[in-house]
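Student: Take this structure, written in structure tokens, and hold onto it; I'll ask about it next.
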Amino acid sequence: MLVFALKRFVVGILVMLAVSTITFTLTNVAADPARTIAGEGASAADVEAIREAYGFDRPIIVRYGEWLGGALRADLGDSYRQRRPVVDVVMERLPVTMSLGGLAFAIAILAAIPLGIIAGLRPNSWIDRASLTFALIGQAMPTFWFALLGIVVFSVTLKWLPVSGSSSLSHFVLPAVVLAYYATPTLMRLTRAGMIEVMQSDYIRTAKAKGLRTGKIVLKHALRNAILPLVSVAAVQFGFMLGGSVVVETIFAMRGVGYLAWESITYSDLPVVQAIVLTIAAIYVVLTLAADIMNAWLDPRLRSN
Amino acid sequence: MIDASATAVAVKPLRAQTVLEVKGLDVRLPTQSGILHAVRGVSFDVALGETVCVVGESGCGKSMTSLAIMGLLPNGAVRTADRLAFSGKDLTGLTERQMSDLRGDKLSMIFQEPMTTLNPVYTIGDQLTEPLFRHRRIGRQEAYEKAEAILERVGISGAKRRLGQYPHQLSGGLRQRVVIAMALMCEPQLVIADEPTTALDVTIQAQILHLLKQLQREFGMGMLFITHDLGLVARLADRVVVMYAGQVVESGPAKDIFERPVHPYTQGLLRCIPIPGRTERGGRLGAIPGMVPSLIGGIEGCSFRSRCPAALPRCANETIELQDLNGSHSYRCVLDAAAGNDAWKRNAGSMEKTA
Amino acid sequence: MSQATSEAPVSTFAAPRFPIRRMLRHRSFVIGAAGLGLIVILAAAAPLITWHDPYAQDLMNRRIPPIWYAWFWDHPSAGWHHPLGTDNLGRDYWARLVYGARISLLIGFSATLVSGLIGTFLGVAAGYFGGRVDLVISFIITTRLAMPVILVALATVALLNSTLLVITMVLGLLLWDRFAVVMRSATMQARSQEYVTAAKAIGCSTPRIILTEILPNVAAAFTVIATIEMATAVLYEAALSFLGLGVQPPLPSWGLMLAEAKEDIFFSPWMITLPGIALFVLLLSINLLGDGIRDLSAPGGRS
């Protein structure tokens, strides 16, 4: 078990290293950082001066090594636009995104699992068909369009919720629902499929033969087995949500990491973009690690080897 | 509690008490190509301390019969019966809730596949104690002590350690012992065992059978043993019910069935197993040619006639009822018992001659 | 005819067949195919079914509502001249929607082609060779999954150029992960079949085995993933364009139209409704088609 966790941890470190290499190459080779800093109308001489001042004239390997060294000390350079450490810029925006993601994830799980269980217990019933239709619509509904419709209905017409911002809890409701709505169908379909399969298994028949009540059979014997494949997918979905926050935060003008990413991309503030990609990758790596550990906790067969 | 069980054991041998009565049991399953009439008017009963074996090929309705008694038929299946009673209590009128009060308590079941009948994510102890918590008012400690005692009783060494283990850490034979222990947790009056040894190695099969016999004697319970293996029937059964195409074709005391089988199907089955002293060494065992008829829709006449060596024209259109031979032995054939018996003896005799 | 096929001996290594009758009886397959087919035909016939240049601005006739505003609310300027109205620059909405379908389909299809090639190459290699190759490729897949698609796509497109080619290539280079994962397991399954062992035993070369034995057997899985990924690519193109970093004006992309309509959300809600519905119908059709193909290619019908 410990060896297993340790192995996954090492893989996680390697993944982070690979992601950092890719993003560094992308931001330093695909674009000329000196030109970016100098701006559109700068003269060739100005660009050269900046190139020398920032050390962009040195070989890329050297610069990457230097940057990586800094990254290990939690120093990812300075924002071109805000002229202060990138780490500070990103960190102060992280709470909004994490709350949004967490809230959306909670909504998705709380909608997907009960719906999936009910649909899986009665395949082809009206509730099953309704959930599948809901899943189909959810998968075909672009997040940003759903967000706009939400604004039209709840903010403009009904005036129940604020249009934009991130200063109070009510600002989080619509964005979180929008973000959750996209992830729910996948999780619901997976729960449903797992439930249908598990309910036909021999150990459920055994549980019935013991005289156990339906509630106990479903919640104790079936659910734990049915959600095993869900755990790792849920982790991936949470990662997707953080990525999807770019769209949602931009629409609702929430001051989170996603909105920061969009701003930084439009202003070519590459160190910030790079740091955000790394942060989200790191969260993803931690989430998958957590999912592996949770799976091992749920399924004793994984624990023994 | 100890006193009560002691008196129960003392009373039982005096008068065999019927624990299960089945009369005219029918099971219909909806399928894509029509209604499958899986069990057709099956009748038998089981007394406390008695082993009744239901024998037949796969698809003859024997498993459906057991599931129908347990109330565990698949969704959509329809069960009807003239009488289906457990300890004199009618089961047909019970709600699912009342039925579940019986299951795992006085009426329990042992399933075929030890590899999949246990839930992989819970410990043995957890799964063993579940029937106790469901049907008895019992503390955690007492429940685990009882589970340990029963595990020891079914021949598992180091029972205490096993309670904390998961199914995948146990071998197939051990798991089947756990499944048996689970069925015995509440000291049932009737255990239905559906091919409990089919998935096991031959040596382990023998151990498990021996164990079941012993436990039955000890607990004084009735046992309904479902199998396709006549070899097992010979070692276990007090009485035998032979099923074919959803119907009982012959039933009676084990001794009668093995020595004086009447129905050509029973005779065919018996020819398929080697019997020491009777079957020729190195000779051929019998086989029954042909296929079981489809159980979808009605069957005209005798369902075995297409495979029957003694079929007559009348077998095709007459409805053949069970005929009583001597009060305990009955069969479903147009042949009279004497003729059937003669055919069997001649055949057996010819076997001995060639040997 | 169907009698004959059902009685024919079942050969285990026949590629899954798609009997026309079974396909026509499958509801989601039919609806999906019809929806996608309709959009493809509209996009292809765009010059024939529109009577305005999608780029022609008409500042005198801005924000004309669709025709049903004339039917139900007697709106004076709505009419057949602009059946779906005009946008904030007076461009014909119907023409822009129809030409926009071309962009969605083009990017969706080409990006899927690119990602399908990359993913299949990696997946088949990992599944067929196993061992170290599998280890390295699995690591590449994990790394790819750790990178947030939309963010990396936005940044890359912004750094390079927002041309259709760049958008297509960036999406293609980012969306191959599902192909790789599914092709890998499908290949592993195909590789363990007897006929592959037999092909090896008679001395077939590795490329030949992959081409003639493995690829035909992972084709069904490929089709299913291709539909899912095409929907994903269409969605990402729209999202990039919506955020202003994808398809650039004045090209008519549905995502871009939504972004432009965002300003008019209070007074002309139909302007965000129409491109959204178009996008929704396209995605729904592709998903339904994918579900249908998955069901029909599964051996026992519905899986």
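Student: When you scan segment C:193-303 for helices (runs of 4 or more DSSP H) that lie fully inside it, which ones turn up with 2 or more residues that are under 23 Å from the mean Cα position of the chain (by Cα) and hydrophobic (A, V, I, L, M, F, W, C)?
Tutor: Filter on segment C:193-303 gives C:215-242, C:254-261, C:270-297.
Student: Considering only residues of segment C:146-162 that are touching a residue at least 12 places away in the same chain (Cβ under 8 Å) and more than 7 Å from chain A (Cβ to nearest Cβ), which is surrounded by the most Cβ atoms within 10 Å (Cβ to Cβ)?
Tutor: C:Ala153
Student: Tell me, which strands (runs of 3 or more DSSP E) lie completely within segment B:25-118 with 2 or more residues that are away from chain A (no Cβ under 14 Å) and on the phi > 0 side of the Ramachandran plot?
Tutor: It comes to B:34-47.
Student: Going by what's in this entry, would C:Val98 be described as more than 30 Å from A:Thr25 (Cβ to Cβ), out of contact with any strand residue (DSSP E or B) (no Cβ under 8 Å at 6 or more places or on another chain) and away from every other protein chain (no Cβ under 14 Å)?
Tutor: So C:Val98 passes the test.
Student: Do we have any residue at all in segment A:59-71 that's more than 14 Å from chain C (Cβ to nearest Cβ) and in contact (Cβ under 8 Å) with a residue 60 or more places away in the chain?
Tutor: yes
Student: Here is a follow-up. Does any residue of segment A:208-226 turn out to be within 14 Å of chain C (Cβ to nearest Cβ) and either modelled with pLDDT of 90 or more or within 30 Å of B:Ser108 (Cα to Cα) (or both)?
Tutor: No, there is no match, as no residue in segment A:208-226 is within 14 Å of chain C (Cβ to nearest Cβ) and either modelled with pLDDT of 90 or more or within 30 Å of B:Ser108 (Cα to Cα) (or both).
Student: Inspect all residues belonging to segment B:160-179 and state whether any of them is surrounded by 18 or more Cβ atoms within 10 Å (Cβ to Cβ) and in contact with a Cys (Cβ under 6 Å, 6 or more places away or on another chain).
Tutor: The answer is no; no qualifying residue exists.
Student: Could you check segment B:311-330 and list, in sequence order, the residues that are of a type outside the set (Lys, Arg), more than 27 Å from the chain's Cα centre (by Cα) and either at pLDDT 80 or above or surrounded by fewer than 16 Cβ atoms within 10 Å (Cβ to Cβ) (or both)?
Tutor: The answer is B:Leu312, B:Pro313, B:Cys315, B:Ala316, B:Asn317, B:Glu318.
Student: Only strands (runs of 3 or more DSSP E) wholly contained in segment B:164-271 count here; list those with 1 or more residues that are acidic (Asp, Glu).
Tutor: Output list reads B:190-194, B:247-253.
Residue-wise test of (1) touching a Pro at 6+ places or on another chain (Cβ under 9 Å); (2) touching a residue at least 24 places away in the same chain (Cβ under 8 Å); (3) among the polar types (S, T, N, Q).
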residue	(1), (2), (3)
A:Ser170	yes, no, yes
A:Tyr181	no, yes, no
A:Thr184	no, yes, yes
A:Arg189	no, yes, no
A:Leu212	yes, no, no
A:Gly215	no, no, no
A:Ile227	no, yes, no
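Student: Hey, can you tell me all the residues within segment A:190-204 that are crowded, with 21+ Cβ neighbours inside 10 Å and either more than 33 Å from the chain's Cα centre (by Cα) or of a type in the set (Lys, Arg) (or both)?
Tutor: Within segment A:190-204, A:Arg192, A:Tyr203 qualify.
Student: Hey, among the residues in segment C:244-283 that are without any contact (Cβ under 8 Å) to a residue 60 or more places away in the chain, of a type outside the set (A, V, I, L, M, F, W, C) and touching a Phe, Trp or Tyr at 6+ places or on another chain (Cβ under 8 Å), which one's farthest from A:Ala261 (Cα to Cα)?
Tutor: It comes out as C:Gly276.
Student: One residue is enough: does segment B:225-246 have a residue meeting the conditions touching a residue at least 24 places away in the same chain (Cβ under 8 Å) and acidic (Asp, Glu)?
Tutor: Looking through segment B:225-246, at least one residue is touching a residue at least 24 places away in the same chain (Cβ under 8 Å) and acidic (Asp, Glu).
Student: In segment A:166-187, is there at least one residue being within 12 Å of another protein chain (Cβ to nearest Cβ), crowded, with 17+ Cβ neighbours inside 10 Å and part of a loop (DSSP other than H, G, I, E, B)? Lay out the reasoning, then the answer.
Tutor: Initial filter on segment A:166-187 (within 12 Å of another protein chain (Cβ to nearest Cβ)): A:182, A:185-186.
Still in the running and crowded, with 17+ Cβ neighbours inside 10 Å: A:182, A:185-186.
From the residues that got through so far, the ones that are part of a loop (DSSP other than H, G, I, E, B) too are none.
Within segment A:166-187, none of the residues are within 12 Å of another protein chain (Cβ to nearest Cβ), crowded, with 17+ Cβ neighbours inside 10 Å and part of a loop (DSSP other than H, G, I, E, B).
Student: Right, another one. Can you pull out every residue in segment C:60-108 that is of a type in the set (Asp, Glu) and in contact (Cβ under 8 Å) with a residue 60 or more places away in the chain? Steps first, answer last, please.
Tutor: Step one: of segment C:60-108, the residues of a type in the set (Asp, Glu) are C:74, C:87, C:92.
Selection gives C:Asp87 alone.
Student: Which one is farthest from the chain's Cα centre (by Cα) among residues in segment A:29-45 that are assigned to a helix (DSSP H, G or I) and either facing chain C (nearest Cβ under 10 Å) or hydroxyl-bearing (Ser, Thr, Tyr) (or both)?
Tutor: We begin by selecting, within segment A:29-45, every residue assigned to a helix (DSSP H, G or I); these are A:29-30, A:33-38, A:44-45.
Keeping just the survivors that are either facing chain C (nearest Cβ under 10 Å) or hydroxyl-bearing (Ser, Thr, Tyr) (or both) gives A:29-30, A:36.
Details: A:Val29: 27, A:Ala30: 26, A:Thr36: 29 Å.
By that ranking, first place goes to A:Thr36.
Student: Do we find that C:Ile141 is within 28 Å of C:Ser297 (Cα to Cα), within 14 Å of chain A (Cβ to nearest Cβ) and at pLDDT 85 or above in this structure?
Tutor: Values: within 28 Å of C:Ser297 (Cα to Cα): yes; within 14 Å of chain A (Cβ to nearest Cβ): yes; at pLDDT 85 or above: yes.
Judged against the criteria, C:Ile141 is a match.
Student: For segment B:161-211, enumerate the residues that are under 18 Å from B:Leu118 (Cα atoms), in contact (Cβ under 8 Å) with a residue 12 or more places away in the chain and charged (D, E, K, R).
Tutor: Of everything in segment B:161-211, those that are under 18 Å from B:Leu118 (Cα atoms), in contact (Cβ under 8 Å) with a residue 12 or more places away in the chain and charged (D, E, K, R) turn out to be B:Arg162, B:Arg175, B:Arg177, B:Asp194, B:Glu195.
Student: Please verify whether A:Asp46 is surrounded by fewer than 18 Cβ atoms within 10 Å (Cβ to Cβ), free of Cβ contacts under 8 Å to residues at least 12 places away in the same chain and either closer than 26 Å to A:Tyr284 by Cβ or touching a Pro at 6+ places or on another chain (Cβ under 7 Å) (or both), treating the condition exactly as stated. Spell out the reasoning first.
Tutor: Values: surrounded by fewer than 18 Cβ atoms within 10 Å (Cβ to Cβ): yes; free of Cβ contacts under 8 Å to residues at least 12 places away in the same chain: yes; either closer than 26 Å to A:Tyr284 by Cβ or touching a Pro at 6+ places or on another chain (Cβ under 7 Å) (or both): no.
For A:Asp46, the condition - surrounded by fewer than 18 Cβ atoms within 10 Å (Cβ to Cβ), free of Cβ contacts under 8 Å to residues at least 12 places away in the same chain and either closer than 26 Å to A:Tyr284 by Cβ or touching a Pro at 6+ places or on another chain (Cβ under 7 Å) (or both) - is not met.
Student: Scan segment C:36-51 for residues that are farther than 21 Å from C:Thr273 by Cα and assigned to a loop (DSSP other than H, G, I, E, B) and jot them down.
Tutor: Hits for segment C:36-51 are C:Ala45, C:Trp51.
Student: Being out of contact with any helix residue (DSSP H, G or I) (no Cβ under 8 Å at 6 or more places or on another chain), over 30 Å from A:Val198 (Cα atoms) and of a type outside the set (A, V, I, L, M) is the filter here, so list the residues in segment A:72-117 that pass it.
Tutor: The answer is A:Arg73, A:Arg83, A:Arg84, A:Pro85, A:Asp88, A:Glu92, A:Pro95.
Residue-by-condition table, conditions (1) modelled with pLDDT of 80 or more; (2) touching a His at 6+ places or on another chain (Cβ under 8 Å); (3) over 22 Å from A:Thr266 (Cα atoms):
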| position | (1), (2), (3) |
| --- | --- |
| A:Leu6 | yes, no, yes |
| A:Asp57 | no, no, yes |
| A:Glu66 | yes, no, yes |
| A:Gly69 | yes, no, yes |
| A:Ala74 | yes, no, yes |
| A:Arg84 | yes, no, no |
| A:Leu94 | yes, no, no |
| A:Gly102 | yes, no, yes |
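Student: I'd like to verify a number: residues in segment C:20-29 that are more than 19 Å from C:Leu279 (Cα to Cα) and surrounded by 14 or more Cβ atoms within 10 Å (Cβ to Cβ), how many?
Tutor: The number of residues fulfilling the criteria is 3.
Student: Here is a further query. Considering only residues that are facing chain A (nearest Cβ under 8 Å) and surrounded by 24 or more Cβ atoms within 10 Å (Cβ to Cβ), look in segment C:254-268 and name the one that is farthest from C:Tyr93 (Cα to Cα).
Tutor: Ranking the qualifying residues of segment C:254-268, first place goes to C:Gly255.
The values are calculated or read from the model by the stated rules, or taken from the named source; none is laboratory data. Computed from a prediction, not measured in an experiment: that's the story for all the values here. When we count neighbours, we look across all protein chains shown, and the Cβ atoms used for this are built from the backbone with ideal geometry, even at glycine.
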